[in-house]
Every structure is written in C-alpha cells, then in structure tokens.
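Enquirer: One structure, pasted below without further comment.
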Amino acid sequence: KDAVAASRYERQEVYGWLFKSRHKSARDSRVRTMMEVEAFLDIEQRWQRVGYPFDHLVPSLATAIGSSGDRPAALAELIGIIQNDGIRLPPVRIDSLHFAAGTPYDTELTINPELGQRVLPAEVAAAMREALSQVVDGGTAKRVQGTFKMQDGSVLAMGGKTGTGDNRIESIGAGGRILSSRAINRTATFVFYIGDNHFGALTAFVPGRAAEGFRFTSALPVQVLKGMAPILTPYLENHGQAMCNAPLADPPKGV
C-alpha cells in the first residue's frame, strides 16, 4: 500500500506518456518488450516446475520454440516425471537406511512417498509417453526397439527422444552467405524410459575446437544403450529394485 501511494506521481506520468498518440511507435515497441519479458518469465516458471536446471532463460526465438540449454540429469528427471504420470519426486541416491538390524535398537528410515508433487496432468503425461514410444517404434531411435527382453520372452515398452547439437559461431554476410564458422562443441543425447520403473539419459559430448573433427549424431547414444542391454537387463528383471547391494565379503579362509 505504501509503495502504491508513494509511486502515484510516477505512475500517472507513465500513463500520460503511454497514451500520447505522437509516441505511438515508441509506446508499442516498449509494450511489446514488456510483454516478451513477462512471457519468458512465465515460460521459465513452467519449465522449472518440471526440472529445468537454470535460474534464467535466454529470451530468444530458439527458447520460444523449446530449444534451450539443459543438463542430462534434468532431462532424465523430466522423463521420470512423464513416466510417473506427471508427478515429480525428488531425485535421491539412497531410498532407505537400516540400522542395528535384529537388535533392540533396530531402526529403518525410508523415503516419504508423499513428497511427490503433481506438475503435469496425468492425461498430458500419458500423451507424451505415447509420443515418445513412437520415436522408438518408428523414429530416430528405432534401432533400440525390442532390445530389452525379459526371461519370460516379454519385451519392455520403451520411449525416448533424440537430439543432436552442432554448436557453432558463424559470421553471416550479404545474402545469407556464411563467411566463417567455428565449432564450439558437439553433443548428441538420447533420453528414454524402459518399462514402468526405469529411465535415464545418455549424452556424447566433444568440447571446443576438437568438435570440428566429429560428425556423430544422436544415433550414437542410441547404439550405446543398445550395446548396454546385456549389462542392464538383469537390473530390469529385478522387478524395479536397483540391485545396488553391497558386495559380499570374502568368506574367511578355511571355510
């Protein structure tokens, strides 16, 4: 209330300028600028709700159509949200701790399942899963289709999204002619879900000028995931358990 009262003169002055017809062009330009700023603030808040890892968005055409910087962990978290029907759970390394088992001080601590927050409608998440599955069934990740098979012969449903980044600084001359082009880095990413309980992201990355010598695309991480199938399948067979158990100690000698 105090701020509104103290700014009365300034606000009236601004509105007086705003409605002067001889300043129409300048007025419209500034109104468009403020609308754009507010639009990107709204986009930023929406993205951060589903795991966008940075504090600010770059206001650009690329961002407006959904192309922006990200991190593999954040992409994987987004896939997890989609897989989990739009509910975001905090990423954790340890889901339970068990102390003093079998003693009077036996204590077990587990993650509170109610920590989840709905950030997408379930219907949107289901539609996105279907779209992601089409990328594997007949799109840019088709080579990994049917890779993960269980012992009973069933095939785990998969979905994902591929992306390739050839990031450069280019100088453009008259008529759109490229005068110079310098590689900054090259990236290729595949984010995916496998079955009902597993998801992740694989990224190939070459930094700096060395990227000039590489031509790989997102087919590379897709092929890497396919090659990892013999390693990952036993984990997927374990009904959702991560199998991150401590290795068994060597038995005492002579036993």
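The values are calculated or read from the model by the stated rules, or taken from the named source; none is laboratory data. The structure displayed is predicted, hence computed values, not measured ones. Note that each Cβ is placed from the backbone with ideal geometry, even for glycine, and that neighbours are counted across all protein chains shown.
Enquirer: Among the residues that make up region 115-127, is at least one of them closer than 19 Å to GLY195 by Cα, surrounded by fewer than 16 Cβ atoms within 10 Å (Cβ to Cβ) and in contact (Cβ under 8 Å) with a residue 40 or more places away in the chain? Quick ask: steps written out before the conclusion?
Expert: Keep residues of region 115-127 that are closer than 19 Å to GLY195 by Cα, which gives 122-127.
Subsequent filtering for residues that are surrounded by fewer than 16 Cβ atoms within 10 Å (Cβ to Cβ) retains 122-124, 126-127.
Going one step further and asking which of them are in contact (Cβ under 8 Å) with a residue 40 or more places away in the chain, we end up with 126.
Checking region 115-127: at least one residue is closer than 19 Å to GLY195 by Cα, surrounded by fewer than 16 Cβ atoms within 10 Å (Cβ to Cβ) and in contact (Cβ under 8 Å) with a residue 40 or more places away in the chain.
Enquirer: I need the full set of residues from region 228-244 which are modelled with pLDDT of 50 or more and either part of a loop (DSSP other than H, G, I, E, B) or loosely packed, with under 12 Cβ neighbours inside 10 Å (or both), in order please.
Expert: Here is the first cut: in region 228-244, the ones modelled with pLDDT of 50 or more are 228-239, 241-243.
Correct list: MET228, PRO230, ILE231, PRO234, GLU237, ASN238, HIS239, GLN241, ALA242, MET243.
Enquirer: If a residue must be surrounded by fewer than 17 Cβ atoms within 10 Å (Cβ to Cβ) and in contact (Cβ under 8 Å) with a residue 60 or more places away in the chain, how many such residues does region 151-167 contain?
Expert: 1
Enquirer: Could you say which residue among THR147, THR162 is β-branched (Val, Ile, Thr), within 19 Å of THR189 (Cβ to Cβ) and assigned to a strand (DSSP E or B)? Can you show your working first?
Expert: Numbers: THR147 fails: assigned to a strand (DSSP E or B).
Result: THR162 is the single residue among THR147, THR162 that is β-branched (Val, Ile, Thr), within 19 Å of THR189 (Cβ to Cβ) and assigned to a strand (DSSP E or B).
Enquirer: Tell me, which residue of region 185-217 that is part of a loop (DSSP other than H, G, I, E, B) and not acidic (Asp, Glu) is modelled with the lowest pLDDT? Steps first, answer last, please.
Expert: Of all residues in region 185-217, those part of a loop (DSSP other than H, G, I, E, B) come to 195-197, 214-217.
Next, from what is left, pick out any that are not acidic (Asp, Glu): 195, 197, 214-217.
Numbers: GLY195: 93, ASN197: 90, PHE214: 95, ARG215: 94, PHE216: 95, THR217: 95.
Checked region 185-217; the qualifying residue modelled with the lowest pLDDT is ASN197.
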